[in-house]
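Heads up: the structure comes next, in C-alpha cells.
The values are calculated or read from the model by the stated rules, or taken from the named source; none is laboratory data. This is a predicted model, so every value here is computed, not measured. Here the Cβ positions follow ideal geometry from the backbone for every residue, glycine too, while neighbour counts run over all protein chains shown. Note: accessible area is taken over every heavy atom of the protein model, side chains too, but ligands, DNA and RNA are not part of it. Shrake-Rupley method; radii C 1.70, N 1.55, O 1.52, S 1.80 Å.
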Amino acid sequence: EAAVTQSPRSKVAVTGGKVTLSCHQTNNHDYMYWYRQDTGHGLRLIHYSYVADSTEKGDIPDGYKASRPSQENFSLILELASLSQTAVYFCASRDRGVDTQYFGPGTRLLVL
Amino acid sequence: GQQVKQSSPSLTVQEGGISILNCDYENDMFDYFAWYKKYPDNSPTLLISVRSNVDKREDGRLTVFLNKSGKHFSLHITASQPEDTAVYLCAAGIASSSFSKLVFGQGTSLSVVP
C-alpha cells in the first residue's frame, strides 16, 4: 500500500509567520495533492502537482504556495499565516492511470 | 459554488440496517465517482469507486449507485455494523483528464447504534 508521510503532525504558528508543511511519498506516484479539512467543508484542494518541478492551483490556492522539488516531496508554504488557515491539512498521492488517492496522516495547524 | 454536495451532515442507523449516503454533483464532465471513509483523527481511505460507464457496483456490503441524468450517486451499506461509524466523503472527478483532481463533498457522519 502507498506510504505517504507528513511532517510535522501538528504545529502552532503565529499570525504573520511562515509555515512549511512537508509531504513525502515512497511509491513513485506522479500526482500529489494538498487539501485542507474544515468542519462543514469536507476536503478542499489547495494545490496539486503531476510532475516534479511543476505545481497547479487547486480550488482554494489563495494564501498558499506549493513546491515539488522531486517526485517524492511536495511542500505547502504559508508565507504569512492567518487565523483562517487554522485547519487540518492532508497530503495525498496518486499513480498515473490509477484513480485511487492515498492520503497521509494529516497535519493539524493552529494559527494564533 | 459547491460542485459536489452531501446534503445530510449526519445519519443514524440501527445496527443491521441499511445505511444510505447520498451525493449530488454539478459538473457534467465528471466520469469518476468515489466514496472515502474517514475515522476521527485518521486519514481518508478509499472505500469504493465507479466510472461513468456503469450505473452500479457492488463490493461485499457496499453498493454504489450512479444516476448520471440526475447527477446523483449514492452508497448503500447493508447489515450496518458499529465499526461502520465514521465520516463518509463522496468525491467526483474527471479521470480522463491529465490534470485529474477530485472534488469532495462536505462529508456525512454515520453513526450505527445498537
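Structure summary
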{"quantity": "Residue among B:Lys38, B:Lys68 that alone is of a type outside the set (A, V, I, L, M, F, W, C) and touching a Pro at 6+ places or on another chain (Cβ under 7 Å)", "calculated": "B:Lys38"}
{"quantity": "Residue, nearest to B:Asp31 (Cα to Cα), within region A:90-100, restricted to residues that are of a type outside the set (Gly, Ala, Ser) and over 13 Å from the mean Cα position of the chain (by Cα)", "calculated": "A:Asp99"}
{"quantity": "One residue from B:Ser74, B:Ser49, B:Ser100, B:Ser96 being of a type in the set (Gly, Ala, Ser) and open to solvent by 40 Å² or more (accessible area, probe 1.4 Å)", "calculated": "B:Ser96"}
{"quantity": "Within region A:66-92, tally of residues that are within 23 Å of A:Thr39 (Cα to Cα) and touching a His at 6+ places or on another chain (Cβ under 8 Å)", "calculated": "1"}
